[in-house]
Amino acid sequence: MTNLPSEDRNPAPDAAEENAFFPSPYSLSKYTSAKTDFDGAHYPAPYKGGKWKVLMIASQERYLMMQNGKFFSTGNHPVEMLLPMHHMDLAGFEIDVATPSGDPVKLEMWAFPGEDAAVKATYEKYRRQLKQPKKLTEVVKDLDAGNYIGVFIPGGHGVLNDIPFSEDVKKALFWAHDNDRYVISLCHGPAGLLAAGLGEDKENFLYRGYEICVFPDSLDTGANIDIGYIPGPMPWLVGERLRELGVKILNSDITGKVHKDRRLLTGDSPLASNNLGKLAAETLLADVAAR
C-alpha cells in the first residue's frame, strides 16, 4: 500500500542541490500549520520616539551539512522570525535587518503559514529588507549610531551555519551587554550566543550562569531524525555547546516556554514565537519609557 503524503517520513529531495533534502511530508504535517497561535496584540502606548530600533541578525545560509554528508535545506524559520518581528513592529520599534555579509536572508518557506494574516503582513512590510539586508560587517563599525535597543537572532537550523562563528555577531553581543541593551532569540537561534565565546576563555563566557530556553537536543538526536524532519544526525548540538560554557537550559521539551534573564530573552521553539514577541515588545516598551 502506498503511503499517503502525510505518512511519508522520508526527507524530500531538494533538486536545487546535490544530496540535499527538505523535511519529510509527515514531519511537516506535525510541525507546520497554515496559521500560528497569534491571538492579536494591543499595545496602547506604542513607542513613537523614532529613535530606538531593533537590529535583527539573520542567517544568509540555506544548506546545513549533516554528519552523514547530506544537506538539510533550511534557513531561518519564518514564524520564529516574523511573529516576534510583528509584535516589536506593532509596539513601534523599527527593525533593521542584517546578515553577516549582506546576502539575502534565507527562509524555510515550507514552514510559512500561508493563512496567517499577521505573519504575511510583516513579511510584506519587510520583504525588501529581507532581500537586501544591511551588511553586519558595516553595522558593527558603529552600533551606537544605530540606536539599537535590542538585538534579535531568529531561529531555524540555518543559524548554525554562520551566526555562531561570526566575529561581527560577537561584537554585537558584547556591545549589547556592555550598553544595557537586549538580546532576543528562540529555538536554534541561541546558537548565536556562542559567538560571544570566540577566542575567549570558557570560564569567562559572556552568558555563563544565564538561564535560557532553547530547542532541545533530544529532539534533534531523536524524533527529528525518526520522522524525517532532518536528513541525518546534526553536525553539532546547540544545547550541548551552551551547557559546556556554563549556560543553564530550563526546558527539556517544547511547550512555547519563554524566559527573561537580565537582558536576555529566549524561547524554546516555534511554539514560543508569539509569547516571545509579546515579552520582547512589553520589555522594550518598559525600558524606553524608563530612559
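Only one of Gly155, Gly192, Gly146 is more than 16 Å from the chain's Cα centre (by Cα), on the phi < 0 side of the Ramachandran plot and open to solvent by less than 30 Å² (accessible area, probe 1.4 Å). Can you tell me which?
After applying the criteria, what remains is Gly146.
Which count do you get for residues in segment 86-104 that are touching a strand residue (DSSP E or B) at 6+ places or on another chain (Cβ under 6 Å) and either under 20 Å from Ala272 (Cβ atoms) or of a type in the set (Phe, Trp, Tyr) (or both)?
3
Test Leu55 against the stated conditions and say whether it is open to solvent by 30 Å² or more (accessible area, probe 1.4 Å), hydrophobic (A, V, I, L, M, F, W, C) and in contact with a helix residue (DSSP H, G or I) (Cβ under 8 Å, 6 or more places away or on another chain).
No; evaluated as a whole, the condition is false for this residue.
Step by step: first the residues of segment 225-259, then only those that are touching a His at 6+ places or on another chain (Cβ under 9 Å) and open to solvent by less than 20 Å² (accessible area, probe 1.4 Å), then the one that is nearest to Leu198 (Cα to Cα). Which residue is that?
Val238
Which members of segment 6-27 meet the condition of being open to solvent by 40 Å² or more (accessible area, probe 1.4 Å) and either touching a Gly at 6+ places or on another chain (Cβ under 9 Å) or in contact (Cβ under 8 Å) with a residue 60 or more places away in the chain (or both)?
Asp8, Arg9, Asn10, Asn19, Phe22, Pro25, Tyr26
Within segment 163-187, take every residue that is open to solvent by less than 20 Å² (accessible area, probe 1.4 Å) and outside any strand (DSSP E or B) and give me the one that is nearest to Phe22 (Cα to Cα).
That would be Cys187.
Being part of a loop (DSSP other than H, G, I, E, B), of a type in the set (Gly, Ala, Ser) and farther than 30 Å from Ala20 by Cβ is true for just one of Gly277, Gly209, Gly232, Gly228. Which residue is that?
It is Gly209.
Within segment 80-122, how many residues turn out to be open to solvent by 20 Å² or more (accessible area, probe 1.4 Å), under 16 Å from the mean Cα position of the chain (by Cα) and within 30 Å of Lys48 (Cβ to Cβ)?
1
With the checklist (1) farther than 20 Å from Val97 by Cβ; (2) open to solvent by 50 Å² or more (accessible area, probe 1.4 Å); (3) of a type outside the set (Lys, Arg) in hand, flag the one item Glu61 doesn't pass.
It fails just one condition, (1).
Can we say Gly256 is closer than 20 Å to Ala191 by Cα, assigned to a loop (DSSP other than H, G, I, E, B) and within 17 Å of the chain's Cα centre (by Cα)?
So Gly256 passes the test.
The values are calculated or read from the model by the stated rules, or taken from the named source; none is laboratory data. Just so we're clear, the structure is a prediction, and the values are computed from it rather than from any experiment. Using ideal geometry, Cβ is built from the backbone for each residue, glycine included, and neighbour counts are taken over all protein chains shown. Areas reflect the complete protein model, heavy atoms only, side chains present, ligands, DNA and RNA absent. Shrake-Rupley method; radii C 1.70, N 1.55, O 1.52, S 1.80 Å.
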